[in-house]
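Take a look at the structure set out below.
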Amino acid sequence: MYLTRFRINTARTEAKRLLGSPQRLHGAVDMAFPEPPARDGAGPRVLWRIDPAPAGRADLLISSPGRPDLNHLVEQAGWPSLGQEGWTTFAYGEFLDTLSTGDVWAFRLTANPVHHIRRQQDPVGSPTKRTAHVTVRHQVGWLLKQQERAGFTVLRRAADTESAPSHVRATDGSNASGLTAGGEEATPAADPSPSKATAGAGEPEEWGYQLIVHNRTPVRFAKRPTEGNGPVPGTDASVRFTRVTFDGRLRITDQAAFHRTLTHGLGKAKAYGCGLMTLVPVQAGTT
């Protein structure tokens with residue numbers, strides 16, 4: 001396994017086109033591998049995510065079974081005239097082998113929280129439909145529901161440190177990358193016991209867990225047809241999902257399951273920049 005960081009030159013026109021289209025960026029990531037691994041769940045897959053970086057830049061993070069070649073991205077969205085490689089790749093497998101049950105880590109996860117519903121107007125027995133969680137409460141509830149199967153638990157805030165900043169504000173891409181070591185729901189999916197019910201527009205939400213939810217973004221784009229696979233007449237050819245970033249702290253509860261989470265991804269829309277969780281050490285004395 002490898003973990004790669006590619007720094008995107010956001011001033012370039014092609015970079016803006018890539019950042020504005022998850023499908024284009026998905027294709028560019030796939031082109032980094034002569035034979036991209038299958039997405040059948042049998043083995044680790046390619047995962048990617050865009051993180052904000054200092055000075056208005058953006059970082060593309062890629063977790064992959066094989067080492068990527070991103071020369072084409074340097075030409076499109078990097079600094080080709082500098083004559084440098086333009087990306088950094090780490091031996092991620094060696095890091096994963098050091099993880100153990102009981103370890104505590106700070107994490108970042110960009111995910112697509114969804115649930116399945118059947119509307120009142122739908123016929124009895126009709127299949128349920130996948131729908132995005134749109135409130136912070138339900139998005140947090142989605143993450144908490146994943147914990148046991150995914151091999152971790154999100155840490156709660158200590159009752160006696162209610163006024164202390166016990167959550168993780170990993171908004172700097174370099175500190176959160178891991179490279180250094182449809183409508184309102186009527187019933188809550190879980191009760192994350194919020195310490196604040198609401199926040200101002202664009203502000204992170206603080207909860208009874210060591211967790212912040214931010215960059216809650218509805219994504220919609222027209223799906224470009226591939227060769228011999230154009231849109232079906234009368235259907236909506238657009239892709240829609242909600243992308244959410246979670247920053248927080250966790251404890252590993254099942255090493256094998258957690259290893260799978262890091263290498264296979266968590267949740268849906270993995271092809272479009274969701275599902276990648278990365279880790280950094282928790283500073284001593286802050287747990």
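Readers should treat all values here as calculations from the given coordinates under stated rules, not as data from a laboratory. Bear in mind the structure is a predicted one, so any value in this text is a computation, not a measurement. So basically every Cβ, Gly included, is an ideal-geometry build from the backbone, and we count neighbours across all protein chains shown.
Each label point was placed 7 Å from the Cα along the Cα-to-Cβ direction; for SER238 and THR217 their separation is 1.7 nm. In terms of the Cα gyration tensor, with a ≥ b ≥ c the square roots of its eigenvalues, is segment 2-96 rounded because a/c is under 1.5, prolate because a/b exceeds b/c, or oblate? Note, shape of segment 2-96 comes out prolate.
Here the residues ASP247, ASP59, ASP97, ranked from fewest to most Cβ neighbours within 10 Å of their Cβ, fall in the order ASP97, ASP59, ASP247.
Summing Lys, Arg as +1 and Asp, Glu as -1, what charge do residues with Cβ under 13 Å from the Cβ of THR110 carry, THR110 excluded? Display every interim value, and only then the final one.
Values: positive: ARG49, ARG108, ARG216, ARG243, LYS268, LYS270; negative: ASP51, ASP59, ASP247.
For residues surrounding THR110, the net value is +3.
The listed peptides 264-274, 83-93, ordered by packing as a protection proxy, come out as 264-274, 83-93 (highest mean of other Cβ atoms within 10 Å first).
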